[in-house]
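Data block below; observations after.
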Amino acid sequence: MSWTACHAMSEALASEAHDALGRRDLGHANELFERAAQAEAEALNAIGPDKPRTLGVTATSAVALWYKAGKLEEAAQLAHQASAMNGMPAFALHDLREFLQIIWNEQAQKEAGVAFVPGQVAV
């Protein structure tokens with residue numbers, strides 16, 4: 001599939017996920033975010049280094065969607081892979097590093113048994 005088709009599918013699924021969050025249907029929202037992340041990751045694979053801004057925005061979006069789906073390992077793996085892609089712009093490298101730090105902190109908190117009240121921390 002083309003970047004346009006994959007990205008459009010990702011946007012539609014993410015919109016549905018946000019609607020599900022509004023209804024407090026967290027399980028369905030996570031499922032939709034995961035499907036949106038998969039579509040955005042496919043979109044990322046369809047971009048060449050000749051479109052650095054699109055490459056950077058799509059990479060950051062895909063990592064964010066994995067994170068919103070609660071899939072921290074997938075988010076971290078994609079952040080690492082995207083950081084190594086030819087043509088990745090500096091703004092995206094910065095954002096991807098920030099996501100990695102957030103993911104590592106959250107993983108450390110889970111391992112330590114630390115949890116925040118929902119809404120206490122904004123991303």
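Things worth noting here:
- Accessible area of Trp104 in the full protein assembly, 1.4 Å probe (Å², nearest 10): 120 Å²
- Contact order, relative form, for the stretch 1-78: 31 percent (alpha carbon pairs under 8 Å, 6 or more residues apart, mean separation divided by residue count).
- With R₀ fixed at 22 Å, the C-beta to C-beta distance from Gln107 to Asn45 puts the FRET efficiency at about 0.30.
- Counted charge near Val57, where neighbours are those whose Cβ lies closer than 14 Å (Asp, Glu -1; Lys, Arg +1): -1
- Backbone N atoms of the stretch 78-104 closer than 17 Å to the 7 Å Cα→Cβ label point of Leu72 belong to residues 78-80, 97-104.
- With every protein chain in place, the chain: carbon and sulfur % of accessible area (1.4 Å): 54 percent
- When only alpha carbons are used to place a centre, the stretch 48-110 and the stretch 3-47 end up 16 Å from one another.
- In the chain the longest region clear of trypsin sites (Lys or Arg not before Pro) that are loop-assigned by DSSP and have at most 13 other C-beta atoms within 10 Å covers 25-123.
- Volume of the convex hull of the chain (Cα atoms only), normalised per residue: 97 Å³.
- Residues in the chain average 59 Å² of solvent-accessible surface per residue, probe 1.4 Å, ligands and nucleic acids excluded.
The values are calculated or read from the model by the stated rules, or taken from the named source; none is laboratory data. These figures come from a predicted structure and were not determined experimentally. Because the Cβ atoms are built from the backbone with ideal geometry, glycine has one as well, and the counts that use them run over all protein chains shown. Just the protein is used for accessible areas: all its heavy atoms, side chains included, with ligands, DNA and RNA removed. Shrake-Rupley method; radii C 1.70, N 1.55, O 1.52, S 1.80 Å.
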